[in-house]
Amino acid sequence: MPREVAPGIFQIELPLPRNPLRSMNSYIVTGEDRNLMVDTGMNRSECIEVLDQGLASLDIDLSKTDVFVTHLHADHLGLAPHVSQGRTSVHMGPADIENINERDYWSRMLSFALKNGFPAVDPQEAIRKHPGFKYGPLGPMNLTPANDGDIIIVGDRRFKVVHTPGHTRGHNCLYEEDEKLLLSGDHILGDITPNISNWDGEEDPLSDYLFSLKLVRELEIDLVLPGHRSLIRDPVRRIDELIEHHRERAHEVLDIMGTGAMNGFSIASRMTWDLSYKSFEEFPIMQKWFALGEALAHIRLLESNERLLKEDREGIVFYRNR
Ligand SMILES: [Zn+2]
């Protein structure tokens, strides 16, 4: 059942069975003329059922509702076509719009994973099982670029778009200055650490993420409405914890490397992961995939900071301490 988390703002918690995230939060900001739904859920029956019930119990008229999607991941964007009616605008960061329109997105990720040591027998299966591939949006929607600084008015509220690259390139938060309210998507989460992955040799998403954390740390915020789990009332403390977490992880990577050369996948297999499996070998393929992406984000940051050297050995990328 929806719960009112601020006056006229309702949270609907959508279940994500067999996914370590457990659930995701969709928010409905009600307004006199039009409502705004922030994030929509995965395109799978368990989410659709709860979302439809929640919208019905709030008596939401979807023909008077627009959608704001914090980022392209399937748990946030997946049901945007489902709730879209003729006039519905689906606001999302331009870099994420570009990504979902990219035709060879999955094959590019796959070849990057192979170059970084992901076992050759598994990658096709990883793509098939990837929630982004399985539960992504199907059907037309009216995607509208949401740029940093754009204002979206809902009733008496003025939400400002804050571009926060890191979790994805186009990730956006929504900030209501008078109310000191932030809808944070997956930029800041309270009970779990947002996944920062690198699937592109050129970019440095963890540097971007740390920069975006510092940017949001400067905002006056009393309440954060995150994309997963519980509300956050002390964001500065949480942001400092997240920055510290990534500093520790960087040290862990350097320790694992020692004096030898290793590829991304073997580094990932030796890092500590907060999952309930006895060993990395027991991880389901999808968790190995996410672990590799996260390890590569740390490796890329260390490379930018000139702590690691990169070398190509017969098509596989290896790293060593400088
Ligand atoms: Zn996400």
### Summary
Checking the stretch 213-322 for chymotrypsin sites (Phe, Trp or Tyr not before Pro) in a loop per DSSP with at most 14 other beta-carbon atoms within 10 Å yields TYR277
### Message
Over the chain, with a Gaussian network built from C-alpha contacts below 10 Å, which listed residue (ARG44, ARG108, ARG34) shows the highest mean-square fluctuation?
### Response
ARG108
### Query
Working out 0.36 nm times the residue gap between LYS160 and ARG18, then minus their Cα-Cα distance, what length gain in nm do you get to one decimal?
47.7 nm
### Task
Provide the gained length on full extension for the span ASN99 to GLU281, in nm with one decimal, where the gain is 0.36 nm per separating residue minus the Cα-Cα distance.
62.4 nm
### Query
If you take the beta carbon distance between GLU248 and GLU202 as r and set R0 to 35 Å, what does 1/(1 + (r/R0)^6) give as a FRET efficiency, to the nearest 0.05?
0.85
### Message
Order these by the 10 Å Cβ neighbour count, fewest first: VAL29, VAL50.
### Response
VAL50, VAL29
## Note on the structure
Taking only the alpha-carbon atoms of the stretch 195-248, the convex hull volume per residue, in cubic angstrom, is 94
### Query
Extension gain SER57-ARG313, at 0.36 nm per residue separation less the Cα-Cα distance, in nm?
86.3 nm
### Footprinting exposure proxy for HIS251, HIS187 (fewest neighbouring C-beta atoms within 10 Å first)
HIS251, HIS187
## Note on the structure
Around GLY31 (Cβ within 13 Å, Cβ-to-Cβ, excluding GLY31; K/R +1, D/E -1) the net charge comes to -2
#### Entry: Local electrostatic count, MET257, Cβ distance below 11 Å [Lys/Arg +1, Asp/Glu -1]
+2
### Summary
Neighbours of ASP204 by Cβ distance under 10 Å: Lys/Arg at +1, Asp/Glu at -1, summed charge -4
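Mean projection of the alpha-carbon convex hull of the stretch 100-231 over all orientations, in nm²? Intermediate results must be reported in sequence, preceding the final value.
Numbers: hull surface 39.7 nm².
So the mean shadow area of the Cα hull is 9.9 nm².
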### Summary
From the Cα centre of the stretch 94-145 to that of the stretch 1-55, the distance in Å is 24
### Query
Which three semi-axes in whole Å describe the equivalent ellipsoid of the stretch 251-301, each the square root of 5 times a Cα gyration tensor eigenvalue, listed largest first?
19, 12, 9
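Divide by every residue of the chain the summed helix terms, -39500 (n - 2.57) for each DSSP H run of at least 4, and state the resulting mean residue ellipticity at 222 nm, rounded to the nearest 500 deg cm²/dmol.
Helix contribution divided over all residues of the chain: -10500 deg cm²/dmol.
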### Task
Let me know the number of lysine pairs in the chain closer than 21 Å at the Cα, not counting same-chain pairs under 8 apart.
10
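Using only the alpha carbon atoms of the stretch 3-321, find the Kirkwood hydrodynamic radius as the inverse mean reciprocal pair distance, in angstroms to one decimal.
20.3
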### Query
When you take every Cα atom in the stretch 33-146, what is the radius of gyration, and what is Dmax, the widest Cα pair distance, in Å?
16.0, 53
### Task
Kindly provide the pair-distance distribution of the stretch 5-83 built from C-alpha pairs, with 5 Å bins from 0 and whole-percent values in order of increasing distance.
3, 16, 30, 27, 15, 6, 1, 0
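Using the Cα centre of the chain as the reference point, and only Cβ charges (+1 on K/R, -1 on D/E), how large is the resulting charge dipole? Debye, rounded to the nearest 20.
Around 780 debye, computed over the chain.
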### Summary
If one builds a Gaussian network model of the chain from Cα atoms under 10 Å apart, the most fluctuating residue listed among ALA291, ALA250, ALA80 is ALA250
### Task
Find, to one decimal place in angstroms, the Kirkwood hydrodynamic radius of the stretch 202-312, where the mean of 1/r is taken over every pair of different Cα atoms and then inverted.
15.7
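No lab work stands behind these numbers, since they all come straight from the coordinates. A quick note: this is a predicted structure, and the numbers were derived from the prediction, not measured. Cβ atoms come from the backbone with ideal geometry, glycine included; neighbour counts cover every protein chain shown.
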